[in-house]
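The values are calculated or read from the model by the stated rules, or taken from the named source; none is laboratory data. In this text the structure is predicted, and so the values were computed from the model without any measurement. We place every Cβ from the backbone using ideal geometry, glycine too, and count neighbours over all the protein chains shown. Accessible surface areas use protein heavy atoms only, side chains included; no ligands, DNA or RNA. Shrake-Rupley method; radii C 1.70, N 1.55, O 1.52, S 1.80 Å.
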Amino acid sequence: QVQLVESGGGLVQPGGSLRLSCVASGSVLSIYAMGWYRQAPGTSRRELVATITRGFNTDYDDSVKGRFTISRDDTKNTMYLQMNSVKPEDTAVYYCNAESGSGSAWGQGTQVTVSS
């Protein structure tokens, strides 16, 4: 089993920056891919934001390419999402996800609000 805890959310002005963190614990060696998803206000669907594999291959949704950067520090069992040039439409609850040999794990989510 893998457990995930996100942090770093908050209120940020348009054009500003924010860094989210996701700390993994448990069966971390079985993780083969991780990612960030988000759920916008008033919606029930979680949208893929970015993914990173064990081999550090990354992929991004078109809406965040060039603005967001996903990374991992395996010495700290932590994944990050650096969010730059944020827009009001980036407002959402951001969730950390890990795919491992024991299945799919999710964090509890962290709120990001982009507003002036």
- request: May I ask you to list the residues in region 58-86 that are at positive phi and either under 12 Å from the mean Cα position of the chain (by Cα) or of a type in the set (Ser, Thr, Tyr) (or both)?
  value: Ser85
query: What residue, among those in region 15-47 that are within 16 Å of the chain's Cα centre (by Cα) and not in a strand (DSSP E or B), is surrounded by the fewest Cβ atoms within 10 Å (Cβ to Cβ)?
result: Arg45
- prompt: Can Asp61 be described as surrounded by 13 or more Cβ atoms within 10 Å (Cβ to Cβ), charged (D, E, K, R) and under 25 Å from Pro14 (Cβ atoms)?
  reply: yes
- request: Considering only region 80-116, state which residues are in contact with a Gly (Cβ under 9 Å, 6 or more places away or on another chain), part of a strand (DSSP E or B), open to solvent by 30 Å² or more (accessible area, probe 1.4 Å) and among the polar types (S, T, N, Q).
  value: Gln111, Thr113
message: With the requirement that a residue be touching a strand residue (DSSP E or B) at 6+ places or on another chain (Cβ under 9 Å) and within 16 Å of Lys87 (Cβ to Cβ), what does region 37-64 give you?
response: Arg38, Ala40, Pro41, Glu47, Val49, Ala50, Tyr60, Asp61, Ser63, Val64
task: Within region 48-57, identify whether any single residue is in a strand (DSSP E or B), over 11 Å from the mean Cα position of the chain (by Cα), touching a residue at least 12 places away in the same chain (Cβ under 8 Å) and surrounded by 15 or more Cβ atoms within 10 Å (Cβ to Cβ), and answer yes or no.
output: yes
- prompt: Hey, does region 70-79 have a residue that's in contact (Cβ under 8 Å) with a residue 12 or more places away in the chain, open to solvent by less than 40 Å² (accessible area, probe 1.4 Å) and hydroxyl-bearing (Ser, Thr, Tyr)?
  reply: yes
statement: Filter region 1-14 for residues that are open to solvent by less than 40 Å² (accessible area, probe 1.4 Å) and either assigned to a loop (DSSP other than H, G, I, E, B) or in contact with a helix residue (DSSP H, G or I) (Cβ under 8 Å, 6 or more places away or on another chain) (or both); the one that is farthest from Val86 (Cα to Cα) is Val2
